[in-house]
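Data block below; observations after.
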Amino acid sequence: MPEPFTLEGTYVRLEPLSESHIGPLVEAAAEDRSNYQWTYTPDGPEEMRAYVRDALDKVASGAHVAFATVHKGGGPGGADRVVGATRFCEIALWQWPPGATHQRHGVPDVVDIGFTWLAGSAQRTPVNTEAKLLMMTHAFEVWRVHRVALQTDVRNKRSWAAIERIGGQLDGIMRADRPGADDTVRTSARFSIVASEWPDVKAQLAARLPGGSTAPRPWSGGSSPTSGPDPGR
């Protein structure tokens with residue numbers, strides 16, 4: 001899997017998650033917890049430390065690519081501010097039959113975007129829209145994946161509607177799928193966007209941003225270039 005990389009747009013910078021983000025993430029998660037009933041969001045330093053360390057273990061194993069979500073100019077005095085987290089997860093590298101022209105090495109064939117949460121002040125802003133645009137642009141145009149998937153608790157109607165608004169197609173309902181954020185056994189709604197749908201989805205995401213577009217910034221620090229509604233997980 002690739003070395004950690006940063007994705008940057010006009011409003012958002014997605015930077016590799018690290019333990020240095022624990023304090024700012026605690027502050028972001030404490031801001032307003034009223035919308036976290038369907039998405040697990042760590043509460044307090046101890047939970048956040050465990051959350052970040054677990055994410056970093058998954059990054060080290062190649063299972064996830066985890067980011068801290070930074071709102072550019074979103075803090076006091078126009079400073080950049082950490083407002084949440086998100087990840088590429090369910091990263092799959094397919095083994096094709098011998099001689100298949102689709103066989104690739106070192107990049108995923110399909111990925112999920114998940115583990116997304118934002119501070120209350122960053123919700124209903126361009127932050128999540130641009131973050132999804134940056135991540136999907138990277139997935140479809142740099143990794144050239146065949147599918148990006150998103151999923152949410154079936155009870156999270158807000159998240160369900162947000163995924164559909166950006167072009168996610170419902171693939172199905174996964175019963176008794178995972179632990180719920182409210183100590184239940186969760187049933188999940190799973191959505192996807194496939195490569196042939198990406199141009200239209202990209203246009204929809206860009207149209208939702210002020211000015212109608214985003215300009216990903218050149219990435220510095222490694223071999224991978226920059227690219228580019230809250231789907232829960």
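The values are calculated or read from the model by the stated rules, or taken from the named source; none is laboratory data. Bear in mind that the values here come from a model prediction, so they are computed numbers and not experimental data. Note that we place each Cβ from the backbone using ideal geometry, even for glycine, and neighbour counts take in every protein chain shown. Remember, those area values only see protein heavy atoms, side chains included, never the ligands or the DNA or RNA. Shrake-Rupley method; radii C 1.70, N 1.55, O 1.52, S 1.80 Å.
At a 10 angstrom cut-off on C-beta neighbours, averaged per residue, how do the peptides 136-146, 56-66 rank from highest to lowest?
Per-residue mean Cβ counts within 10 Å order the peptides as 136-146, 56-66.
May I have the extent of the alpha carbons of the chain along their three principal axes, as whole Å values ordered from largest to smallest?
54, 42, 35
Need the full-extension length gain, Val194 to Asp43, defined as separation in residues times 0.36 nm minus the C-alpha distance. One decimal, nm.
Once the chain is fully extended between Val194 and Asp43, it gains 50.9 nm.
5 Å is the cut-off here: which amide hydrogens, built 1.01 Å from N in the peptide plane, fall below it relative to Val12, excluding neighbours closer than 5 in sequence?
Lys72
Can you tell me the FRET efficiency between Ala50 and Thr187 if r is taken as the Cβ-Cβ distance and R0 is 45 Å, rounded to the nearest 0.05? Each step should come with its number before you reach the end.
Values: r = 26 Å, r/R0 = 0.57.
Computed FRET efficiency for Ala50 and Thr187 comes out at 0.95.
Which of the peptides 147-153, 109-115 is most tightly packed, and how do the rest follow, judged by the mean count of other Cβ atoms within 10 Å per residue?
147-153, 109-115
Provide the per residue accessible area, probe 1.4 Å, for the chain, rounded to a whole number of square angstrom.
For the chain, the solvent-accessible area averages 46 Å² per residue.
Shape call for the stretch 118-201 from the C-alpha gyration tensor, a ≥ b ≥ c root eigenvalues: rounded (a/c under 1.5), prolate (a/b greater than b/c) or oblate?
Oblate shape, in that a/c is at least 1.5 and b/c is the bigger or equal ratio.
So between Arg104 and Ala176, what do we pick up on full extension, going 0.36 nm a residue minus the alpha carbon distance?
22.6 nm
Quick check: at a probe of 1.4 Å, how many percent of the accessible area of the chain sits on carbon and sulfur atoms?
On the way: 5530 of 10670 Å².
The value for the chain is 52 percent carbon and sulfur by accessible area.
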